[in-house]
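Notes follow once the structure below has been shown.
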Amino acid sequence: MLLQHRTTLTQYLIEQRRRFPGSKGDFNALILDVALACKAIARAVAMGELGGLYGEHAAEAGGAINVQGETQKKLDVLSNELFIRMNEWGGHLAGMASEEMTDPYQIPANHPRGKYMLVFDPLDGSSNIDVNVSVGSIFSVLRAPQDAIDSGRDLIEKDFLQTGATQVAAGYALYGPTTMLVLTVGNGVVAFTLDPNLGEFMLTHSALKVPEDTQEFAINASNSRFWEPPIKRYVDECLAGKSGPRAKDFNMRWIASMVAEAHRILMRGGVFMYPRDNKDPSKAGRLRLLYEANPIGMIMEQAGGRASTGREPMLSVSPSGLHQRIGLVFGSKNEVERIERYHSEPTPREIDNPLFAERTLFRD
Ligand code: F6P
């Protein structure tokens with residue numbers, strides 16, 4: 001399609017803004033700043049080894065372990081820096097929070113403060129960076145508490161502990177064979193593809209819908225011995241295929257970049273599970289609520305899919321901490337609802353259930 005028939009991200013945002021005649025344009029400017037950070041990260045990722053940015057961040061340059069206890073990669077640190085620098089000056093933000101920073105980031109005194117809060121995972125799936133597999137950035141926009149907007153005070157952790165249902169917008173950038181920006185401003189989900197010649201995000205996918213049914217699931221099966229019974233039951237039923245209770249064959253995928261799995265599911269359906277398990281009792285799950293589960297949850301719900309802890313809708317969870325982990329299941333609505341049903345039903349006694357018999361693959 002010719003350029004003159006395409007819609008740019010800027011155009012899309014301006015057209016959306018016309019729905020709110022009172023709005024001043026802060027939100028649009030914020031999303032464009034986020035998009036600029038994503039373009040810069042996309043370039044850094046695309047340079048690969050040539051950019052000298054593979055490998056771990058040197059401990060002497062600020063510490064190589066983040067608040068999650070995970071080793072920071074050079075590109076994690078750079079991506080975080082890009083998000084901060086592109087977004088701190090514009091006057092749209094009251095503060096930020098990131099996977100890579102223990103505490104909320106305060107907007108420096110030389111910049112004005114605004115009414116939104118930006119929460120992000122600057123580079124998701126970072127174990128895939130050095131092996132040239134897709135990674136991405138995830139972001140969530142929240143409104144700051146009114147007293148913080150009025151006073152311009154520093155933000156505290158509690159300000160960010162809002163349910164996912166209050167998100168103003170959410171999105172992710174995927175650094176794959178093409179760079180894409182997927183966005184919801186609470187009015188459906190759209191996706192833009194980066195035109196590398198113009199450096200512009202072009203609207204390429206409107207009104208994205210996650211198919212309600214699927215025959216594809218994603219889970220890290222190496223954790224199967226730690227799964228809770230409802231997840232074991234669900235996966236076993238999928239694996240049993242045509243001859244099992246589901247009476248159809250399933251396919252399995254695991255990229256280990258949640259953002260890439262979310263994108264595949266948005267494009268063609270599927271279900272993703274990183275459920276609560278008993279691998280490490282101190283962790284309620286692997287993924288983080290505020291900057292992974294909630295934004296992806298909003299995108300899924302806005303696209304007609306579903307996101308859940310297995311026990312309750314993700315977007316209704318009251319957060320207890322900035323870096324809280326949570327069990328996450330999302331994707332095609334009917335499958336997520338089935339998994340929720342399995343969590344609410346009494347655990348079938350393994351002895352009575354042929355799926356948990358001798359030859360099951362995921363037997364303890
Ligand atoms: O940030 C978390 C993450 O990298 C996700 O993107 C991904 O789904 C998951 O971790 C991979 O986990 P595992 O190493 O257990 O496969």
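The values are calculated or read from the model by the stated rules, or taken from the named source; none is laboratory data. None of these values were measured; they are calculated from a predicted model. Quick reminder, even Gly has a Cβ in these numbers, built from the backbone with ideal geometry, and neighbours come from all protein chains shown. These area figures cover heavy atoms from the full protein model, side chains too; ligands, DNA and RNA do not enter into them. Shrake-Rupley method; radii C 1.70, N 1.55, O 1.52, S 1.80 Å.
For residue 121, the requirement of being within 16 Å of the ligand (Cβ to nearest atom), closer than 30 Å to residue 178 by Cβ, touching a residue at least 40 places away in the same chain (Cβ under 8 Å) and part of a strand (DSSP E or B) is met. Residue 283 falls short on exactly one of the conditions (1) in contact with a strand residue (DSSP E or B) (Cβ under 7 Å, 6 or more places away or on another chain); (2) in a helix (DSSP H, G or I); (3) not acidic (Asp, Glu), and that condition is (2).
Can you confirm whether residue 56 is within 26 Å of the chain's Cα centre (by Cα) and either over 16 Å from residue 122 (Cα atoms) or modelled with pLDDT under 90 (or both)? It is true that residue 56 is within 26 Å of the chain's Cα centre (by Cα) and either over 16 Å from residue 122 (Cα atoms) or modelled with pLDDT under 90 (or both).
Residues checked against (1) loosely packed, with under 12 Cβ neighbours inside 10 Å; (2) more than 19 Å from the chain's Cα centre (by Cα); (3) within 25 Å of residue 325 (Cα to Cα):
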| position | (1), (2), (3) |
| --- | --- |
| 7 | no, yes, no |
| 14 | no, yes, no |
| 36 | no, no, no |
| 39 | no, no, no |
| 69 | yes, yes, yes |
| 85 | no, yes, no |
| 92 | no, yes, no |
| 111 | no, yes, no |
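When the residues of region 239-293 are filtered to those that are within 11 Å of the ligand (Cβ to nearest atom) and over 14 Å from residue 219 (Cα atoms), the one that is farthest from the chain's Cα centre (by Cα) is 279. With the structure loaded, tell me whether residue 168 is among the hydrophobic types (A, V, I, L, M, F, W, C) and within 16 Å of the ligand (Cβ to nearest atom) or whether it fails that test. When the stated conditions are applied, residue 168 does not pass them. Would you pick out the residues in region 131-158 that are open to solvent by 60 Å² or more (accessible area, probe 1.4 Å) and of a type outside the set (A, V, I, L, M, F, W, C)? Those that are open to solvent by 60 Å² or more (accessible area, probe 1.4 Å) and of a type outside the set (A, V, I, L, M, F, W, C): 132, 143, 146, 147, 150, 151, 153, 154, 157, 158.
Of all residues in region 221-249, those satisfying the criterion of being more than 21 Å from residue 346 (Cα to Cα) and either open to solvent by 50 Å² or more (accessible area, probe 1.4 Å) or without any contact (Cβ under 8 Å) to a residue 60 or more places away in the chain (or both) are 222, 223, 239, 241, 242, 243, 247, 248, 249.
Being under 14 Å from residue 265 (Cα atoms) and either assigned by TED's automatic domain parsing to the domain that holds residue 255 or assigned to a loop (DSSP other than H, G, I, E, B) (or both) narrows it down to one residue among 211, 230; which is it? Let's see the steps before the verdict.
On the way: 230 fails: under 14 Å from residue 265 (Cα atoms).
None of the other options fit; the residue is 211.
Residue-level check: of (1) farther than 24 Å from residue 99 by Cβ; (2) out of contact with any Gly (no Cβ under 7 Å at 6 or more places or on another chain); (3) within 16 Å of the ligand (Cβ to nearest atom), residue 216 misses just (2). If the condition is being closer than 20 Å to residue 298 by Cβ and open to solvent by 40 Å² or more (accessible area, probe 1.4 Å), then region 187-220 contributes 187, 205, 206, 207, 209, 211, 212. Here 252, 202 are screened, and the one residue that is in a strand (DSSP E or B) and touching a residue at least 40 places away in the same chain (Cβ under 8 Å) is 202.
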